[in-house]
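Asker: Below you will find the structure I want to go over with you.
The values are calculated or read from the model by the stated rules, or taken from the named source; none is laboratory data. Being a predicted model, the structure only gives us computed values, none of them experimental. Every residue, glycine among them, receives a Cβ derived from its backbone with ideal geometry; neighbour counts consider all protein chains shown.
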Amino acid sequence: MLKFLGFGLRTRVYEKRAGKQKRLYLCFAVKLACSGHKSYDGCHMNKRAVVLFAFWSFLLALPALAQAPARGIPRAADGKPDFNGLWQVLGTAAWDLEDHNGSLRMPAGQGVVEGGAIPYQASALPKKRENFQTRDINDPAEAACYMPGIPRATYMPFPFEIIQNPKLITMSYEFGHARRSIFTDGSPHPDGFPDFWMGDSRGRWEGDTLVVDVTNLDDRTWLDHAGNHHSDALHVVERYTMTDPDHILYEATLEDSKVFTRPWKISMPLYRRMEKNVRILEYECVQYIQEQKYGNAKPVGAK
Amino acid sequence: MRRTLLHIAVASILAAGVLPSVHAQRAQDQTPAKWTPARTPDGHPDMQGLWARRGAALTEANAPKTPLSEFGATGQPYPTVFNTGVSTPQAAAALANRPAGVIEPANRMLPWRPEADAARREFLSNMIPPASLKYVEASARCVPPGLLGGDDRHPYQIVQRPGSFVLMYEYNHVTRVVYTDGRPHVGPNIRLYMGDSIGKWEGDTLVVDTTNFNDKTSFSQAIPFHSDALHTTERFTMVDPYIIDYQLTIEDPKLFTAPIRIAGAFAAAAKGNEMLEFACAEGSQTLPNIFGFGEFPGQ
Amino acid sequence: MRTKLWVITATAVLLAMAVPAAAHHSFAAEFDGDRPVTLKGTVTKMDWVNPHSWIYVDVKDQSGKVVNWRFEMGPVNALLRMGWRKDSIPAGTAVEIQGYRAKSGQPVANAKQVKLPDGRELFSGGSAPNLP
């Protein structure tokens, strides 16, 4: 190749920078440029022009090449996928995890349960029916504004913010400013702790997937507004996988030996909220509902 | 000759990139030994971790006596049990000797507008027994605490990312994201219990400007409300591995005729402590007890 | 737990002293500081919750009738940090409680002190149990 191109120092310079492929193109370009000449050696000006053009194009293109990994996901300083930002689902799992038709104030939706139906034990079905029938007064999240628990907090129709550093990932949900800490420092679930509304979450990485193990979930939360329920034996394993910079595939496996016949799985995409300067605002459900309930009431024994 | 020139050119470019940081390091080595914090990847002091806050209170001289404050300490007291980061007696003394509470005005007689002081005394007189829902103490209604209404027996967690500094309160699980990415405040009609915070670094001090408060949070037992004209400035400066100096300036022109300055500190929590969940409304029986009705299912 | 969470040092005590009086408490709205009560009974259950934990106690009155009282305490997070665990106070434990009655007249009180048979007190910083 060197001999063919017949240049001295300049050849060495652009050889070091351009890869082998670049060299091949260069040879081709030079050949073309010199195709009108009787000999290559006589084609000095054209050869020089082509090489210089290629050299400077490559140099100037370097910064752009460095900045644009084609569809690469953002990474944190520790090399892990960087989930920082606001995320939200677009489906209707908040109303009903299973297939459902539209009704007043509820959109139709295709279910997110793998296999279609939640595998209840027969003894757990009456409670599901009773919950559904009384949902407007008994849904702990919609009627009482309690924290929705996991996985329901993920698919409430509100954004949530992921706040990530290497030892701790925090999810801050706009609904009722609910929040949970996912400890990624290798610590185990604590022994002898009571249940929490948002459970106890311990996370680890499997390659680029964040796997979160959730226990200690209070049995008073529902899985959706349709009254799907669980016991204090609920154990949830979530998986967060960034499929591209603006989407996370969210999967959750639920097992509860007192309520379901086997573990079952849901999945849905999380969409990054792209608006400029977007931030979590406040949905202070508890305050709104207190006003509704007690706004005109008088305390016991008041004059 | 050309090859030589090229080599010199490349070497110069590389050196120009490296030299500034070498120069800075030497300059630092020459100054007298002063503790400097570890830094986050974007070059700011690393204040991340779990902290106990103290001193951040509107301590008022001659605060009006109310039944609230009379029995405030009668219920189960409990200590702040998670700080042992300050491990030597000298360091403990250093923390204890820092100023705390209102430092300006120095005499703690707050610069009330007379009509505002009258309004809050009137309000206080309706709180025991509470005349209606709004007169029930804010913390007993699980109102988000704003900047001063939090219970500092519960810790705070700081997380830093490029573009924001996050202060999480364990108490009532509120989260303040202070944006340091140059964005402006949200529009004036957006009103928030926790306000809207934007911050910038002045050297190693984070200066936080917060506006867009609503008027629904409480400052203290003696000052049960403020106005939506509230504007605060906070300054966070890490002074040693276990202490963040915290300065808070409050301006509420509808209540006070002058700004009020408060001094406080965040002290490092002992290793092994974690933020726990503090669900409020879910476990509170206060309103059903006061009003005699309205327990939610599961209570 | 991987480490003891309830290590209390002089610093923690200093901090406690520096913190202003109880921030979250509507004591005066719910309870009557002029009606103290001291009761003995057996625990039936405990709600380990925030903002206040509750302990339910069967108390025999003078006529021998058993009334189930509930007592409001501090938040579960403080109990956990002091080393108490969900199984620390099983049903049937004998307790002695000093507190203040609810204004409503119900068998409800705010607990100032909860004493266990071995002399330990809940919420008292110096009486955390030994953990394994």
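Asker: Go through (1) in contact with a Ser or Thr (Cβ under 8 Å, 6 or more places away or on another chain); (2) modelled with pLDDT under 70 and name the single condition residue B:63 misses.
Answerer: If we test residue B:63 against (1) in contact with a Ser or Thr (Cβ under 8 Å, 6 or more places away or on another chain); (2) modelled with pLDDT under 70, just (2) comes out false.
Asker: Please verify whether residue B:211 is out of contact with any Lys or Arg (no Cβ under 6 Å at 6 or more places or on another chain), within 21 Å of residue B:186 (Cα to Cα) and surrounded by fewer than 23 Cβ atoms within 10 Å (Cβ to Cβ), treating the condition exactly as stated.
Answerer: yes
Asker: Do any strands (runs of 3 or more DSSP E) entirely within region B:218-299 hold 2 or more residues that are among the aliphatic types (A, V, I, L, M) and away from chain C (no Cβ under 13 Å), and if so, which?
Answerer: Where strands (runs of 3 or more DSSP E) fall fully within region B:218-299 and carry at least 2 residues being among the aliphatic types (A, V, I, L, M) and away from chain C (no Cβ under 13 Å), they are B:231-240, B:243-251.
Asker: Any idea how many residues of region B:125-140 are over 16 Å from residue B:222 (Cα atoms) and in contact with a helix residue (DSSP H, G or I) (Cβ under 6 Å, 6 or more places away or on another chain)?
Answerer: 1
Asker: Could you tell me which numbered condition residue A:288 fails, if it satisfies all but one of (1) touching a residue at least 40 places away in the same chain (Cβ under 8 Å); (2) within 25 Å of the chain's Cα centre (by Cα)?
Answerer: For residue A:288, the exception is condition (2).
Asker: Hey, among A:250, A:240, A:283, A:271, which residue is within 13 Å of chain B (Cβ to nearest Cβ) and either surrounded by fewer than 17 Cβ atoms within 10 Å (Cβ to Cβ) or under 16 Å from residue A:153 (Cβ atoms) (or both)? Talk me through it step by step, then tell me what you get.
Answerer: On the way: A:250 fails: within 13 Å of chain B (Cβ to nearest Cβ); A:240 fails: within 13 Å of chain B (Cβ to nearest Cβ); A:271 fails: within 13 Å of chain B (Cβ to nearest Cβ).
After applying the criteria, what remains is A:283.
Asker: Residue C:101 is checked against (1) outside any loop (DSSP other than H, G, I, E, B); (2) farther than 27 Å from residue A:216 by Cβ; (3) without any contact (Cβ under 8 Å) to a residue 24 or more places away in the chain; (4) more than 10 Å from the chain's Cα centre (by Cα) and fails just one. What number does that condition carry?
Answerer: (3)
Asker: Confirm whether residue A:234 is over 17 Å from the mean Cα position of the chain (by Cα), surrounded by 19 or more Cβ atoms within 10 Å (Cβ to Cβ) and touching a residue at least 60 places away in the same chain (Cβ under 8 Å).
Answerer: Numbers: over 17 Å from the mean Cα position of the chain (by Cα): yes; surrounded by 19 or more Cβ atoms within 10 Å (Cβ to Cβ): yes; touching a residue at least 60 places away in the same chain (Cβ under 8 Å): no.
Against the criterion (over 17 Å from the mean Cα position of the chain (by Cα), surrounded by 19 or more Cβ atoms within 10 Å (Cβ to Cβ) and touching a residue at least 60 places away in the same chain (Cβ under 8 Å)), residue A:234 does not qualify.
Asker: Just checking, how many residues over region B:104-135 are surrounded by fewer than 16 Cβ atoms within 10 Å (Cβ to Cβ) and under 20 Å from residue B:248 (Cα atoms)?
Answerer: Here the count works out to 6.
Asker: May I ask you to list the residues in region A:152-183 that are on the phi > 0 side of the Ramachandran plot and in contact with a His (Cβ under 8 Å, 6 or more places away or on another chain)?
Answerer: Matches in region A:152-183: A:177 only.
Asker: Being closer than 27 Å to residue A:300 by Cβ, more than 8 Å from chain B (Cβ to nearest Cβ) and over 11 Å from the mean Cα position of the chain (by Cα) is the filter here; which residues of region C:107-125 pass it?
Answerer: Selection gives C:107 alone.
Asker: Also, quick follow-up: Based on this model, can you work out whether residue B:289 counts as among the polar types (S, T, N, Q), closer than 30 Å to residue A:139 by Cα and modelled with pLDDT of 95 or more?
Answerer: Answer is no for this residue.
Asker: Are there any helices (runs of 4 or more DSSP H) wholly within region A:75-187 with 2 or more residues that are surrounded by fewer than 22 Cβ atoms within 10 Å (Cβ to Cβ) and either assigned by TED's automatic domain parsing to the domain that holds residue A:198 or under 19 Å from the mean Cα position of the chain (by Cα) (or both), and if so which?
Answerer: In region A:75-187, A:125-133, A:135-138 are the helices (runs of 4 or more DSSP H) which contain 2 or more residues that are surrounded by fewer than 22 Cβ atoms within 10 Å (Cβ to Cβ) and either assigned by TED's automatic domain parsing to the domain that holds residue A:198 or under 19 Å from the mean Cα position of the chain (by Cα) (or both).
Asker: Here is a further query. Looking only at region B:133-170, count every residue that is under 13 Å from the mean Cα position of the chain (by Cα) and on the phi > 0 side of the Ramachandran plot and tell me the total.
Answerer: The number of residues fulfilling the criteria is 1.
Asker: Here is a list of conditions, (1) surrounded by fewer than 18 Cβ atoms within 10 Å (Cβ to Cβ); (2) at pLDDT below 95; (3) in contact with a Leu (Cβ under 7 Å, 6 or more places away or on another chain), and residue C:83 meets all of them except one; can you say which number that is?
Answerer: (1)
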